[in-house]
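What follows is one structure encoded as structure tokens, with my remarks underneath.
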Amino acid sequence: MRIVIVGAGPVGCFTARLLEQAGFHPILLEEHNEVGKPVQCAGIVSTDIIALMRPFISDGAIINTINNFSINTPWQESFSINKDGVAAILNREKFDTCLGEGLEIHLGETVTSIEQNTKGYLLRTAQGKEYETDILIGADGVDSIVREYFLKRNNHKRESRNFELAYYYGLQYQIRLKDSKQQLSPDTVQVFFDDTIPFFIWIVPENEYLLRLGVVADHGKKVLDEFIKEKGIEGKIEEVITGKIPIGFISTSADGIALVGDAACQMKPLTGGGLSFGLRSAQILADCINEGNLDRYDGRWKKQFGPEIRFGIRARKIYENLEEYQRAELFQIFKKNAPFIEQIVDFDTHSGLFREAFQKPSILLDAGKLLRPYLTDLAKEFFK
Ligand SMILES: Cc1cc2nc3c(=O)[nH]c(=O)nc-3n(C[C@H](O)[C@H](O)[C@H](O)COP(=O)(O)OP(=O)(O)OC[C@H]3O[C@@H](n4cnc5c(N)ncnc54)[C@H](O)[C@@H]3O)c2cc1C
């Protein structure tokens, strides 16, 4: 059976690796001339994902381990969530290249058109090549051409206005600190919330002197430049990366086509992390193909991650609409309950924490007043 995967990012490569293991020989088409570049990622993943990917990556792909998250807001003293080994920091370029090793990747091939013919799907590239395939996998990221074709072809009806596809814009600087006085705590990720940005500013340490400072916001450069000034960060910006984050809930398989990773919006809506659900969905996709049951892929991955994504989308909308004083109250509740959060929190799934929290009378009392208008909405995902 012919399988073409558009996109040799981590999710496309991982899907291909699993298919190779199952005896298939997929071909990957990648528009860039090398795998792993450009990097568009802060590189933070759960240690569960590291465990899953261990057999496929070398030590150099993991550059740091995180034990603490420091939560900062303008409304209160910062507080920490401590959990040993909760996350790891990746060298994304190495991570992606490890996953791509040994695969048939046609580099420098940009897919520009897709059509169905009697033999399957015909793909044409900007470089003048044609590829035919029985199964077409779109692992081509946030601006997926396969998704565009697939959704148009299937006359995609959005599942509901609540889950409409939205894009957020990320910007990140890699900064080498100037002197040792500014030394970072290398096992702590710092996040900074305020009332003007939909996500948060992050400081992800690569080591004591090298950090990734990023934000997801429309006016990211202004936010980061002001942040650097305000915090007195002195250092050299060694790299600037930009990227888009797709948040939505869409159809992802039918008629020999499947979408996976960012192309399928397999994203944590509250944090913008895409590797966890994308890589795990790649496993589900490879299993479905191996079982000769591609059409079941959409239902299967959604059974596992759908409630989490839908919850995250609803929670994100609520958060974005809170007034400043409400955000301040919310973080007050988080701070007061930091020890409880430490016990329950899971890096990849957030709905469990809220579900548990709402069963604690003291938290319900504090949060109830603030979140009462939204409780019915959130409960729809909790109790599905
Ligand atoms: C600023 C920022 C920070 C982030 N930080 C994190 C983080 O800390 N942790 C986390 O889990 N996630 C993070 N993410 C998200 C994460 O980077 C993505 O979820 C992840 O890269 C998705 O992998 P993918 O393989 O699905 O897509 P991609 O990595 O986007 O790979 C898609 C590939 O398809 C290729 N392609 C696209 N179109 C075509 C075409 N027409 N023809 C041929 N090839 C094509 C592209 O060149 C690319 O190589 C971040 C995103 C941004 C923007």
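The values are calculated or read from the model by the stated rules, or taken from the named source; none is laboratory data. Just so we're clear, the structure is a prediction, and the values are computed from it rather than from any experiment. Methodologically, a virtual Cβ is constructed for each residue, glycine included, from the backbone with ideal geometry; neighbour enumeration extends over all protein chains shown. Just the protein is used for accessible areas: all its heavy atoms, side chains included, with ligands, DNA and RNA removed. Shrake-Rupley method; radii C 1.70, N 1.55, O 1.52, S 1.80 Å.
As an equivalent ellipsoid, region 50-147 spans semi-axes of 41, 19, 12 angstrom, where each value is the square root of five times an eigenvalue of the C-alpha gyration tensor, largest first. Calculate what fraction, in whole %, of the accessible area of region 166-245 sits on carbon and sulfur atoms when a 1.4 Å probe is rolled over the protein chains. With neighbouring chains kept in place, the figure for region 166-245 is 50 percent.
Taking the 0 to 90 degree range and rounding to the nearest ten, how far is the long axis of helix 220-231 tilted relative to the main principal axis of the chain, both from C-alpha atoms? Approximately 30 degrees, to the nearest 10. Since only LEU322, LEU375, ILE341 are under comparison, the one whose Cα sits farthest along the positive direction of the charge dipole of region 313-382, derived from C-beta charges on Lys, Arg, Asp and Glu, is LEU375. Here's the list of lysines a cross-link from LYS236 could span, going by alpha-carbon distance under 25 Å and ignoring same-chain residues fewer than 8 apart: LYS37, LYS94, LYS178, LYS181, LYS221, LYS222, LYS244.
The relative contact order of the chain comes to 18 percent, based on Cα pairs under 8 Å that sit 6 or more residues apart. What is the helix-to-structure angle for 324-336, meaning the angle in degrees between its Cα long axis and the longest Cα principal axis of the chain, kept from 0 to 90 and rounded to the nearest 10? Roughly 80 degrees, rounded to the nearest 10. Cross-link partners for LYS360 among the lysines, with Cα-Cα distance under 23 Å and sequence neighbours closer than 8 places in the same chain left out: LYS83, LYS335, LYS336, LYS369, LYS380, LYS384. Only helices enter this figure: runs of n ≥ 4 DSSP H residues, each worth -39500 (n - 2.57), summed and divided by the residues of the chain, yield -11000 deg cm²/dmol at 222 nm to the nearest 500.
At a 1.4 Å probe radius, carbon and sulfur cover how many percent of the accessible area of region 268-342? Carbon-and-sulfur percentage of accessible area, whole number: 47. About its Cα centre, region 313-382 has a charge dipole of approximately 200 debye under the convention of +1 per Lys or Arg Cβ and -1 per Asp or Glu Cβ, with nothing else charged. As I understand it, the value is the acute angle between the Cα axis of helix 10-21 and the longest principal axis of the Cα atoms of the chain; what does it come to in degrees, rounded to 10? Computed tilt is about 50 degrees.
With K and R counted +1 and D and E -1, the other residues having a Cβ less than 15 Å from that of LEU364 yield a net charge of +2. The relative contact order of region 46-165, computed from alpha carbon pairs under 8 Å that lie at least 6 residues apart in sequence, is 16 percent. Projected onto the charge dipole of region 244-347 (+1 at Lys/Arg Cβ, -1 at Asp/Glu Cβ, origin at the Cα centre), which of PHE305, LEU275, PHE331 gives the Cα projection farthest towards the positive end? Result: PHE331, furthest along the dipole toward the positive end.
Accessible surface comparison of TRP301, TRP202, probe 1.4 Å, protein chains only, largest first: the order is TRP202, TRP301. Solvent-accessible area per residue in region 67-183 equals 51 Å², computed with a 1.4 angstrom probe and all protein chains kept. Accessible surface calculations at 1.4 Å, restricted to protein heavy atoms, place region 313-382 at 53 Å² per residue.
Rg/Rh for the chain (Cα atoms only, Rh after Kirkwood) is 0.97.
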